[in-house]
Amino acid sequence: MPLTEVFCRNAKPAEKPQKISDGGGLFLLIEPRGSKLWRLAYRFHGKQKTLSFGIYPAVSLKDARNYRDRAKGLLARGIDPGEHKKQEKRKKRLEAGSTFETAAREWFDA
């Protein structure tokens, strides 16, 4: 049964971590200390992997489902969504220019 926004909001922590499934590999992980984390379980080349989408309520149920659908689209094209996320993060960091090389060149020029 798919999750609802009300259920996610009212879910209480237990003694052990709880996985509450939404379908398609998406689940809400409720930690004993009270944090609620969106995760996607998937398989890539026969290996079980997990992808994190963020903390509930900062990432809503609707947003988590959109992230899941995008990740499933990448899987359908033969791309590992976890590696794709890492590459995008690296690319943004390099575009921001906050690398050691950039700092060293600025220091050398000064």
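Laboratory data are not the source of any read-out in this text; all were calculated from the coordinates shown. Nothing here was measured: the structure is a model prediction, and the numbers come from that model. With ideal geometry, Cβ positions are generated from the backbone for all residues, glycine too; neighbour counts draw on all protein chains shown.
Per-residue counts of other Cβ atoms within 10 Å, averaged by peptide: what ranking do you get for 31-37, 48-54, highest first? Please list the in-between numbers first.
Details: 31-37: 12.6, 48-54: 14.4.
Top of the packing list down: 48-54, 31-37.
Once Lys and Arg get +1 and Asp and Glu get -1 on their Cβ, which of Ala76, Ser35, Pro17 lies farthest toward the positive end of the dipole of the stretch 5-78?
Ala76
Before rounding to the nearest 500, sum -39500 (n - 2.57) across all DSSP H runs of length at least 4 in the chain and divide by the residue total; then give [θ] at 222 nm in deg cm²/dmol.
-13500 deg cm²/dmol
Using the Cα centre of the chain as the reference point, and only Cβ charges (+1 on K/R, -1 on D/E), how large is the resulting charge dipole? Debye, rounded to the nearest 20. Mind dumping the intermediate values first?
Details: 24 positive and 13 negative charges, 87 e Å.
Magnitude of the dipole: close to 420 debye.
Excluding Ser21 itself, calculate the net charge of residues whose Cβ lies under 13 Å from the Cβ of Ser21, where each Lys or Arg counts +1 and each Asp or Glu counts -1.
Once positives and negatives cancel, what remains is +3.
Between beta-carbons, use under 12 Å as the cut-off and find the net charge around Ala96, counting Lys and Arg +1, Asp and Glu -1.
Summing Lys/Arg as +1 and Asp/Glu as -1 gives +4.
Based on the Cβ-Cβ distance of Phe44 and Thr4, what FRET efficiency does E = 1/(1 + (r/R0)^6) give at R0 = 25 Å, to the nearest 0.05?
0.25
For the stretch 5-78, count the residues as N, evaluate 2.2 N^0.38 Å, and divide the Cα radius of gyration by that value, please. Intermediate values should be presented prior to the final figure.
On the way: Rg = 12.7 Å, N = 74, 2.2 N^0.38 = 11.3 Å.
Working it through for the stretch 5-78, the quotient is 1.12.
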